[in-house]
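> Got a structure for you, written out below as structure tokens; questions coming shortly.
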Amino acid sequence: MFHADSIADDDDEDQAGENSNDNTSAGDQVDPQGHDKKDDWDLAIRFRDIQRYGYLEPKKKKEMSEQAIQAILQRARESLGPIQKPYRYVTLDQRSAEEWSTRGAASELDVEETLLQAEPMFQVRMDKEHGLILLLDTSLSMKGEKLALLGVTVAAVCESVPADALCILGFDSEIHAIKEFSEKLSAAQAIERTLSIPAGGFTNIERGLKAARERMETLRRPGTRVILVSDGRYTEGKNPVIEARGFRMIYPVKIGKDPGGRSVMREIADSGQGRFSEVREMHELPRFLLHAIRSWVK
């Protein structure tokens, strides 16, 4: 559990055009060319506003949007430590080992098994066949800096989990597919999709879990895990604890200081044979989630 200063949600107070590089405070980040990185983060916070500003020329709007996405991507990369893919090791005969080597799998002679089998046997390292569904609450409360930090989380996960093993879904009253298992998507594209989710909608955790179950049935990997990120306060749909029954591995991560949804998220973890965690501040979510994924997806 994390305890840090709360994040102000001030995205409705200022316009993106009011950012200025003229007066840079001691806390602002400025690169050698004099570019103010803080201004780019302000653009990330106001991404939705930028898209609907009618007075901005399309070229300027695109430029500001790209700056916002790059600011989020930079924060995501600052959260990343050494990237470690999950592997599994299988002992195979020489012919099978050679077949896997043509697919990029590393192998080495297993001396002990070779002596036991009286023929060359090899230990082959393969990517572990796992799957991860990141299920994100994108309801009305996720706006401004909270939404930008959700973009940081999405980018960090995209850069640390193999594309074919990752699915990211946003949920409110509807399901928003940020990345499907079958998609090859860059982190920048995933950020743009996250920030472009329309504002509004209730919190329908039940619908989110149903969508996750559908993806799991399509992928058909027994090791697929679901990470649910929400404050746990559902305002639409049935009790999500009922839908969580039958999941083999679901990990609810409660965000925010409000204790109201804590019991629901704990019950989801118990029903879905997973583990409950809590992050009280949004800015802690990307780093926490990366650490958790490396612990859970082995």
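No lab work stands behind these numbers, since they all come straight from the coordinates. The shown structure was predicted, so the numbers you read here are calculated from the model rather than taken from an experiment. Here the Cβ is made from the backbone with ideal geometry for all residues, glycine too, and neighbour counts use every protein chain on show.
> Can you give the net charge of the other residues whose Cβ lies under 13 Å from the Cβ of residue 278, counting K and R as +1 and D and E as -1?
Net charge around residue 278: +2.
> So for 243, 112, 159, fewest C-beta neighbours within 10 Å to most, what's the order?
112, 159, 243
> Using unit Cβ charges (K, R positive; D, E negative) and no other charged atoms, how large, in debye to the nearest 20, is the dipole of region 171-298 about its Cα centre?
In debye, rounded to 20, region 171-298 gives about 580.
> Could you please rank 100, 41, placing first whichever residue has the fewest other Cβ atoms within 10 Å of its Cβ?
100, 41
> If you don't mind, another one. Region 153-214: percent of C-alpha pairs farther apart than 20 Å?
Of the Cα pairs, 27 percent sit more than 20 Å apart.
> Now a separate question. Past 27 Å, Cα to Cα: identify those pairs from 143/254; 143/238; 61/257; 62/179; 184/238, in the order given.
Beyond 27 Å between Cα atoms: 61/257; 184/238.
> OK, next. Loop only per DSSP, at most 10 neighbouring Cβ atoms within 10 Å: give me the trypsin sites (Lys or Arg not before Pro) in region 145-194, ordered by residue number.
In loop regions of region 145-194 (DSSP not H, G, I, E or B), the sparsely surrounded trypsin sites (Lys or Arg not before Pro) are 184.
> So if I place +1 on the C-beta of Lys and Arg and -1 on the C-beta of Asp and Glu, and nothing else carries charge, what would the dipole magnitude of region 87-127 be about its Cα centre? I want it in debye, nearest 20.
Roughly 200 debye for region 87-127.
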